[in-house]
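Step one of this worksheet: look at the structure below.
Since every read-out is calculated from the coordinates, none of them should be taken as a lab result. All values reported here derive from a predicted model rather than from experimental measurement. Using ideal geometry, Cβ is built from the backbone for each residue, glycine included, and neighbour counts are taken over all protein chains shown.
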Amino acid sequence: MRPLLTAALLILTALPATAAPTLQPGLYDISVQIVMKGIPMQMPVMTFRQCLTAQDIADGKAYAANENKDCTIGRLSGSDNRVSYDFNCALQGDQRMVGSASGTTHANGYDVLMRGRFVPPMQGMGEFSQKLRAKRLGACP
């Protein structure tokens, strides 16, 4: 299950820096639900809290659980609180994670659905989808 958790955290890093120009700094509750196609036992929803600063929002750290310098974002489009983009992340060896995402953003959070696949499949895992939801709780402590 460790490779699946690592992949889940890598997926989080694929969110773009300009996804939510209206997102406000503060403490956020972030939930991640991953569905792996063809895997009978799915991962539970993961949640964590993150204090986001204006700089985090400006440089994209607001949308990542960790920093993965091996992910690239392409065809980024955002307007009217909608965002969409493609992602391509290098994993171990010659493996990659590729896909696209779309969703909505607002001052107090975002909802993004990512769909992708592992190339080549990783330990029987091929396609996945991931729902990300962030909700602002208030000011950072």
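Each residue of the range 37-45 is assigned a 3J(HN,Hα), and the resulting list reads 5, x, 10, x, 9, 8, 6, x, 4 Hz, derived from the Karplus form 6.51 cos²θ - 1.76 cosθ + 1.60 (θ = phi - 60°), x at Gly and Pro. Each other residue within a Cβ distance under 10 Å of residue 108 adds +1 if Lys or Arg and -1 if Asp or Glu, for a net charge of +2.
Within the range 83-141, the proportion of C-alpha pairs whose separation exceeds 20 Å stands at 40%. Below 9 angstrom from the Cβ of residue 99, what's the summed charge of the other residues (Lys, Arg +1; Asp, Glu -1)? Within the 9 Å Cβ shell, the charges total 0. Amide hydrogen proximity for residue 43: with H placed 1.01 Å from N in the peptide plane, the residues at 5 or more positions away or on another chain lying under 5 Å are 36.
Using θ = phi - 60° in the Karplus curve 6.51 cos²θ - 1.76 cosθ + 1.60, the 3J(HN,Hα) couplings for the range 112-127 round to 10, 10, 10, 10, x, 8, 9, 10, x, x, 9, 6, x, 9, x, 8 Hz; x is entered for Gly and Pro.
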